[in-house]
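The values are calculated or read from the model by the stated rules, or taken from the named source; none is laboratory data. This is a predicted model, so every value here is computed, not measured. Every residue, glycine among them, receives a Cβ derived from its backbone with ideal geometry; neighbour counts consider all protein chains shown.
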Amino acid sequence: MKNGKCPKCGSATVYTKEKGVYLGNGMTVINTGGIPLTNDSTVSYLCTNCGYFEIYFTNLDKLAEVTRNKGWKAVPNTAK
């Protein structure tokens, strides 16, 4: 989606927003497995044709915490 094309439907109707996930009002929007998440550490992409949505964490320190956090497990690479 970062290239402006939706991987699900192929549409070029992709929009992006920094701080695109609202975290507040006591609501848990994303379970980060104990890694503190702030609004300024994400960028979101949304296809307005099919509704497909992606979120990326942009804070490199928080990304590094994932590898040390027991709540996150590495996905085995099965691609050929």
Original post:
Across the range 45-62, what is the number of residues that are closer than 14 Å to residue 2 by Cβ and either touching a helix residue (DSSP H, G or I) at 6+ places or on another chain (Cβ under 7 Å) or assigned to a strand (DSSP E or B) (or both)?
Top reply: 9
**OP:** Considering each residue of the range 3-45, count those that are at pLDDT 80 or above and over 12 Å from the mean Cα position of the chain (by Cα), and give that number.
**Re:** 13
